[in-house]
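The values are calculated or read from the model by the stated rules, or taken from the named source; none is laboratory data. Since the structure is predicted, the reported quantities are computational estimates derived from the model, not experimental observations. Reconstructed Cβ throughout: ideal geometry from the backbone, glycine too, with neighbour counts over all protein chains shown. Only protein heavy atoms, including side chains, enter the accessible area calculation; ligands, DNA and RNA are left aside. Shrake-Rupley method; radii C 1.70, N 1.55, O 1.52, S 1.80 Å.
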Amino acid sequence: MAEADEATMALELAVRSVPTASAILDEQRGRFMNPDRKARFEFVMPALSDRQETRDAFFRGLMDVNNRRREPWVIEGLRYLNHPLRSVESGKYIRPSLDLLQEIQQTGDIFFPKNWMDAALSGYHTSATAEGVRGFLTEHPAYPIRLRRIILQSADELFRASEILHD
């Protein structure tokens with residue numbers, strides 16, 4: 001099996017909170033031959049921690065532009081942080097993710113804002129979450145149209161799911 005596939009499998013097991021997730025991640029970290037893949041893996045690992053404090057610290061770290069230099073790593077970590085299996089604990093990251101979007105646009109690549117919002121909203125489907133996103137847009141009527149559209153595009157599945165599920 002390829003190194004990248006093994007890494008993905010380890011990350012997927014960790015987000016599913018298998019009992020030996022920490023050991024699996026540590027073992028995988030030691031198996032890397034490619035230093036860039038190892039660095040990416042180590043960057044993403046805190047987003048998969050079984051400790052909420054570690055995941056919170058990972059998210060707080062993303063508020064520093066220096067920690068967002070490797071945008072694909074950031075997006076991968078944010079996706080795992082907001083994974084559907086963790087949506088109950090991670091819903092608190094949605095509002096700060098929305099609040100940070102303008103800075104993301106100013107400091108990142110042209111595609112980073114859309115990828116950021118996709119990763120921030122991908123694990124959610126509740127009407128409360130949908131209302132939170134709608135509330136943000138209502139609170140910011142003069143929000144830049146490009147970013148407003150990005151939020152609406154990224155929240156489309158959330159909005160649809162919340163209407164279907166009527167939770």
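Give the residue, chosen from Ala128, Ala142, that is open to solvent by 10 Å² or more (accessible area, probe 1.4 Å) and assigned to a loop (DSSP other than H, G, I, E, B).
Values: Ala128 fails: assigned to a loop (DSSP other than H, G, I, E, B).
None of the others qualify; the one that does is Ala142.
From Asp99, Asp50, Asp109, grab the single residue that is open to solvent by 40 Å² or more (accessible area, probe 1.4 Å) and more than 16 Å from the chain's Cα centre (by Cα).
Working: Asp99 fails: more than 16 Å from the chain's Cα centre (by Cα); Asp50 fails: more than 16 Å from the chain's Cα centre (by Cα).
Checking each option against the conditions leaves just Asp109.
Output the residue which, of all residues in segment 14-45 that are more than 17 Å from Gly123 (Cβ to Cβ) and under 17 Å from the mean Cα position of the chain (by Cα), is most open to solvent (accessible area, probe 1.4 Å). Talk me through it step by step, then tell me what you get.
We begin by selecting, within segment 14-45, every residue more than 17 Å from Gly123 (Cβ to Cβ); these are 18-43, 45.
Filter once more, so that each one left must be under 17 Å from the mean Cα position of the chain (by Cα): 40-43, 45.
Details: Arg40: 38, Phe41: 0, Glu42: 76, Phe43: 51, Met45: 31 Å².
Here the residue is Glu42.
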So Val74 clears everything in (1) under 17 Å from Trp116 (Cα atoms); (2) among the aliphatic types (A, V, I, L, M); (3) modelled with pLDDT under 95 except one condition, right? Which one? (3)
If you take the residues in segment 70-92 that are closer than 22 Å to Met9 by Cβ and touching a Ser or Thr at 6+ places or on another chain (Cβ under 7 Å), which one is surrounded by the most Cβ atoms within 10 Å (Cβ to Cβ)? Leu81
Which residue pairs have Cβ atoms under 6 Å apart, sit 6 or more places apart or on different chains, and have a first residue in segment 90-115 that is touching a residue at least 12 places away in the same chain (Cβ under 8 Å) and a second that is open to solvent by less than 10 Å² (accessible area, probe 1.4 Å) and of a type in the set (Lys, Arg)? none
Taking first residues from segment 26-55 that are acidic (Asp, Glu) and second residues anywhere that are loosely packed, with under 14 Cβ neighbours inside 10 Å, the pairs with Cβ under 8 Å that are 6 or more apart or on different chains are Asp50/Ser17
